[in-house]
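The values are calculated or read from the model by the stated rules, or taken from the named source; none is laboratory data. Predicted, not measured: the structure shown is a model, and the values here were computed from it. Cβ coordinates were reconstructed from backbone atoms using ideal geometry, including for glycine residues, and neighbour counts include every protein chain displayed. The accessibility values were calculated without ligands, DNA or RNA, using every heavy atom of the protein model including side chains. Shrake-Rupley method; radii C 1.70, N 1.55, O 1.52, S 1.80 Å.
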Amino acid sequence: MLRFAGVAAVLLTADAVFATDSPAQPGQIETIASPAAPWGPVPTDNISLANEAPGLFVFFNDGPVFGLPGTVTGDFADRTQLLGDWGGARTELARNGFFFDIYSTSYYQDVTSGGLETGEAFVQNTQLSINIDTGRAGWWSGGLIHATAQSRFGADPESTFTAGTVVPHYSGLVVPDPMLSDSFLPTELFLAQALSEKARVVVGKIGTVLLPDQTAYGDSFKYHFANYNLNKNPISTNFFNPSALGAIGVWSFSPQFSIAGGVLDPNTEAENFVSSDSFENVNLYLTSVMSYDIGGLPGQVSAVYNWSDKPKINLDSPFGTLGSAAERKQAIGSLLGLASDEGLPTNSKDESWFTYVTGSQFLFLKDDAATVARKRKTGEQIRGVGVFARAGYAPEETNPITSDVSVALFAHGMLDGREHDSFGAGFYYNKISDKLKTSIAKISNGQSAVHDESGVEVFYNFAITPAVRLISSYQHIWHPLAAEGIKHRDSTDLFQIRLTAAW
């Protein structure tokens, strides 16, 4: 599917909601060229987002949505969802505004050298997503109610976070919560509502693993890169849990440019919707998104700024007097993200911030211009080759990663007869805070030293059928932060296999 740079970008690029060349009115629909009926617009009395902006559903699900353009039923080998249309019931539900989708990813890893520990592990991720189009349902115009629950079963965190990297080597390990295994929890429940021609809003519990910081392609951990650094900006993990209660408003100056901003709760957990410490602190989030074409090749750029008043460890002087060897060991583990700082004399700073920019640019298109135009609206994956990049910065006194850069090449559908296959190769570099490096060396009396972390990943997504993908990948990481700080290992090699199915 074509990915956008976040909630703001999708609500912008979905500019047909109220702002079309011929604005839709109650009882009217804008025609979207569809490869096969009945997946196009359906007559409605209210404005329907599924009619006007189907790519929004694909974005929120981070996967194909049954009942929207791109859906294929019929023979098992051709289906885009394994369970098909449930004897016609699923199609009828979609035409009335109710979309039900399940995705499963079976994940295997083998850390073959370095890291915290070598060896194999297996994790099963399953996602259930429900979308209700309030226009098609006959409730009100321009609304979308989205709910997602995520599960993780299999090996526990101690057996899977073994590469020893500063952020996870597999993004699926953080949902629904990085410290939980054998769990099935709600991670998203929000309303996306178009208010006018230019204004939109998203309110509720928002998934911070799937939605923000999206490039135009290649950053779905179900189908593309596994490493978190190539899916998101890694600095954000110091500010957000996998879910955040919040509200984001979007203003579109034009179909090509918008800004969005809002407040997000840094204390939200997957296990609760509202807790006693909800909005005790805040993340204030601001982003802008610009979409463009260069010689008919799509591209986009997005910039983000976030400020938070949630206290963070002061890496310049993280702790008071540490008496015992056990306290020093715990302190080092805390700085490396391997232990809690509970019980330690921790020094904190009351606020911090980060900023980053992302860019995506197609270099070559296999699809023709009409197909590209349709897919940009429907959320289907464009066939072609492109590059994307991220760069971020945060103050080194409060952030283990003070700056980062990642860049990747991505290709999809380049072989005739293999139009669902994808390939990617990416590199990332994380500048580790000098304050953190100095503190670790001081607390360990010079016995531990850490360096800047970097890594590469290559993957191939082989489509067994359009609904079933086998993705193999390899990663090599230089100076994995935790593995180097605890085990004095300066590299990690790991192989990964994912079997992903859309049901």
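Of all residues in region 232-274 being over 30 Å from Glu453 (Cβ atoms) and of a type in the set (Phe, Trp, Tyr), which is least open to solvent (accessible area, probe 1.4 Å)? Only one residue fits best here, namely Phe257.
To keep it simple, each residue is scored yes or no on (1) part of a strand (DSSP E or B); (2) open to solvent by 10 Å² or more (accessible area, probe 1.4 Å); (3) in contact with a strand residue (DSSP E or B) (Cβ under 9 Å, 6 or more places away or on another chain).
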{"site": "Tyr356", "(1), (2), (3)": "yes, yes, yes"}
{"site": "Phe362", "(1), (2), (3)": "yes, no, yes"}
{"site": "Ala370", "(1), (2), (3)": "no, yes, no"}
{"site": "Glu380", "(1), (2), (3)": "no, yes, no"}
{"site": "Glu397", "(1), (2), (3)": "no, yes, yes"}
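Exactly one residue out of Tyr217, Tyr223 is outside any strand (DSSP E or B), touching a Leu at 6+ places or on another chain (Cβ under 7 Å) and not hydrophobic (A, V, I, L, M, F, W, C): that is Tyr217. Which residues, taken from region 280-298, are of a type in the set (S, T, N, Q) and open to solvent by 30 Å² or more (accessible area, probe 1.4 Å)? Within region 280-298, Ser288 is the sole residue that qualifies. Counting the residues of region 384-395 that are assigned to a loop (DSSP other than H, G, I, E, B) and either over 21 Å from the mean Cα position of the chain (by Cα) or surrounded by fewer than 23 Cβ atoms within 10 Å (Cβ to Cβ) (or both) gives 1. Put simply, of Ser448, Ser444 the only residue that is of a type in the set (S, T, N, Q), open to solvent by 10 Å² or more (accessible area, probe 1.4 Å) and in contact with a Gly (Cβ under 6 Å, 6 or more places away or on another chain) is Ser448. Checked against the criterion of being farther than 22 Å from Phe60 by Cα, among the acidic types (Asp, Glu) and outside any strand (DSSP E or B), region 286-299 has no qualifying residue.
When you check Asp277 against the structure, is it acidic (Asp, Glu) and either open to solvent by 40 Å² or more (accessible area, probe 1.4 Å) or closer than 27 Å to Trp140 by Cβ (or both), yes or no? Against the criterion (acidic (Asp, Glu) and either open to solvent by 40 Å² or more (accessible area, probe 1.4 Å) or closer than 27 Å to Trp140 by Cβ (or both)), Asp277 qualifies. Looking only at residues in region 56-83 that are assigned to a loop (DSSP other than H, G, I, E, B) and among the aromatic types (Phe, Trp, Tyr), the one that is surrounded by the fewest Cβ atoms within 10 Å (Cβ to Cβ) is Phe76. Restricting attention to region 84-122 and to residues that are open to solvent by 60 Å² or more (accessible area, probe 1.4 Å) and part of a strand (DSSP E or B), the residue that is farthest from Ile477 (Cα to Cα) turns out to be Phe100. For region 178-198, a tally of residues being open to solvent by 20 Å² or more (accessible area, probe 1.4 Å) and either in a strand (DSSP E or B) or in contact (Cβ under 8 Å) with a residue 60 or more places away in the chain (or both) returns 11. For region 399-431, filtered to residues that are open to solvent by 40 Å² or more (accessible area, probe 1.4 Å) and of a type in the set (Phe, Trp, Tyr), the residue that is farthest from Phe459 (Cα to Cα) is Tyr429. Name the residue that is farthest from Phe239 (Cα to Cα), counting only residues in region 308-329 that are outside any loop (DSSP other than H, G, I, E, B) and over 31 Å from the mean Cα position of the chain (by Cα). Selected residue: Ala325.
Among the residues of region 437-458, is any of a type in the set (Asp, Glu) and part of a loop (DSSP other than H, G, I, E, B)? Checked region 437-458: at least one residue is of a type in the set (Asp, Glu) and part of a loop (DSSP other than H, G, I, E, B). There is no residue in region 462-471 that is closer than 21 Å to Ser171 by Cβ, among the polar types (S, T, N, Q) and either assigned to a strand (DSSP E or B) or at pLDDT 95 or above (or both).
Select from region 453-492 the residues that are among the charged types (D, E, K, R) and more than 24 Å from the chain's Cα centre (by Cα) and write down the one among them that is least open to solvent (accessible area, probe 1.4 Å). Top of the filtered list is Glu484. Scanning region 404-425 for residues that are on the phi < 0 side of the Ramachandran plot and either basic (Lys, Arg) or not in a strand (DSSP E or B) (or both) returns Met414, Leu415, Asp416, Arg418, Glu419, His420, Asp421.
Test Val301 against the criterion of being open to solvent by 10 Å² or more (accessible area, probe 1.4 Å) and under 14 Å from Pro212 (Cα atoms), and give yes or no. So Val301 fits the description; yes.
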